[in-house]
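The values are calculated or read from the model by the stated rules, or taken from the named source; none is laboratory data. Just so you know, these numbers come straight off a predicted model, no measurement behind them. Cβ placement follows ideal geometry from the backbone for every residue including glycine, while neighbour counts extend to all protein chains displayed. Ligands, DNA and RNA are excluded from the accessible area calculation, which covers all protein heavy atoms including side chains. Shrake-Rupley method; radii C 1.70, N 1.55, O 1.52, S 1.80 Å.
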Amino acid sequence: AQKVTQAQTEISVVEKEDVTLDCVYETRDTTYYLFWYKQPPSGELVFLIRRNSFDEQNEISGRYSWNFQKSTSSFNFTITASQVVDSAVYFCALKSDNYGQNFVFGPGTRLSVLP
Amino acid sequence: DTGVSQDPRHKITKRGQNVTFRCDPISEHNRLYWYRQTLGQGPEFLTYFQNEAQLEKSRLLSDRFSAERPKGSFSTLEIQRTEQGDSAMYLCASSSGTGLSNEQFFGPGTRLTVL
């Protein structure tokens, strides 16, 4: 079975604070892919990053960084110096090779960045 | 704008009526997905097309649901004899290439309310 858990339902921070969104996944496959999507108030999901199971290098893109650790089945997302425009719901998703095109999304974490 | 488009954006219907939604993917994308998202949850996979072939269907897709992509371009999702439990946001996404895990680009969704 495949599962994605995002234990933090809602997080509030004050602008310029750093914030980390947690994602824990479950899969029996050795080949799989992990994603993060942002869903702003407008509703449209925006792709942020994809990681495959063979590449555990952490990645940084501007104020965003991702920490992939296979040992703990986690793919956490950090926003540095948060801004009000970062307020959104963030989803972690998993796709395993043996489950076809069935992308499994977590329940999401609602981030509110206060001015 | 060459993103994924969906029509209508909102649909209110009475229980028992049939509804049809349309999705126009990004033009060069051969893969098309339908998802359902209820309040406070992540998207749930419904079905997947590669070109005009419907290759995967979720168990969530009951007999009242049918999807088509007749010419491998736009797709329609029809719900027959709607029930109140069908109220949700219906999302369409598309992706390109032959890779197993290409990122999906989402449309704005169609919000269905069944009275």
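Remarks
- Its residue count N sets the reference 2.2 N^0.38 Å, and the alpha-carbon radius of gyration of chain A equals 1.03 times that reference.
- Reduced Cα scattering model of segment A:22-71, Debye log10 I(q)/I(0), q = 0.18 Å⁻¹: -0.66
- Average silhouette area of chain B, convex hull of alpha-carbon atoms, in square nanometres: 6.9
- Chain A, accessible surface, carbon-and-sulfur percent (1.4 angstrom probe): 47
- 22 Å Cα-Cα threshold exceeded, pairs from A:K16/A:K38; A:K38/A:K95; B:K14/B:K71; A:K3/A:K70; A:K70/A:K95: B:K14/B:K71
- For segment A:1-64, trypsin sites (Lys or Arg not before Pro) are listed when DSSP marks them as loop and at most 11 other Cβ atoms sit within 10 Å of their Cβ; the list is A:K16, A:R28.
- Expressed as a whole percent, the proportion of Cα-Cα pairs in the protein assembly as shown lying more than 29 Å apart is 28%.
- Relative to the Cα centre, the charge distribution of the protein assembly as shown, modelled as +1 at Lys and Arg Cβ and -1 at Asp and Glu Cβ, gives a dipole magnitude of about 660 debye.
- Aspartates and glutamates whose Cα lies under 16 Å from that of B:K11, excluding same-chain neighbours fewer than 8 positions away: B:E78, B:E83, B:D86
- Extension gain, A:V85-A:K70: 0.36 nm per intervening residue step, less the Cα-Cα distance, totals 2.3 nm.
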